[in-house]
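One structure is given below, encoded as structure tokens.
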Amino acid sequence: CSTSTPTRSGGKLLVGVRPEKISLAHADDAAKIPEGRNRITGRIADSSFIGVSTQYVIDSPVCPELEVYAQNIERDARLVPGAEVVLHWNPEPTRQ
């Protein structure tokens, strides 16, 4: 069963999404992100290579220090500290 809540603007909402469920795209590729996905814009503050994946720390007006993990498959060389990015994910795993 799913329910729909009316959209409100200007309020605050606390949600949780597992970091591995979030995809990271360079801001130049924002138009390629499928419609219907949740999105947050930000800037890469730091990145750490941790073997099979890279951990990115994103500073965003929504939340400072968001963490995202991306598998090290076909890494985008533009995803470096200072780069403008879009975090996006399927709304399904979002928890309030």
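The values are calculated or read from the model by the stated rules, or taken from the named source; none is laboratory data. Computed from a prediction, not measured in an experiment: that's the story for all the values here. Here the Cβ is made from the backbone with ideal geometry for all residues, glycine too, and neighbour counts use every protein chain on show. Each accessible area value is taken on the protein alone, full model and side chains, heavy atoms only, with ligands, DNA and RNA left out. Shrake-Rupley method; radii C 1.70, N 1.55, O 1.52, S 1.80 Å.
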* Asked: Somewhere in region 13-31, is a residue in a loop (DSSP other than H, G, I, E, B), of a type outside the set (A, V, I, L, M, F, W, C) and without any contact (Cβ under 8 Å) to a residue 60 or more places away in the chain?
  -> no
* Could you please let me know if residue 59 is of a type outside the set (Ser, Thr, Tyr) and either in contact with a helix residue (DSSP H, G or I) (Cβ under 9 Å, 6 or more places away or on another chain) or in contact (Cβ under 8 Å) with a residue 60 or more places away in the chain (or both)? => no
* Looking at region 63-80, which of its residues are closer than 12 Å to residue 46 by Cβ, among the hydrophobic types (A, V, I, L, M, F, W, C) and in a loop (DSSP other than H, G, I, E, B)? -> 79, 80
* Top-ranked residue in region 47-62 [being within 17 Å of residue 15 (Cα to Cα) and not in a strand (DSSP E or B); ranked as modelled with the highest pLDDT] -> 60
* So which of 84, 20, 35, 65 ends up being in contact with a strand residue (DSSP E or B) (Cβ under 8 Å, 6 or more places away or on another chain), modelled with pLDDT of 85 or more and open to solvent by 90 Å² or more (accessible area, probe 1.4 Å)? -> 65
* Whichever residue in region 50-62 is of a type outside the set (Asp, Glu) and more than 16 Å from residue 20 (Cβ to Cβ) and, among such residues, is surrounded by the most Cβ atoms within 10 Å (Cβ to Cβ) -> 60
* Structure fact -> Counting only residues in region 87-96 that are open to solvent by less than 50 Å² (accessible area, probe 1.4 Å) and in contact with a strand residue (DSSP E or B) (Cβ under 6 Å, 6 or more places away or on another chain), the one modelled with the lowest pLDDT is identified as 89
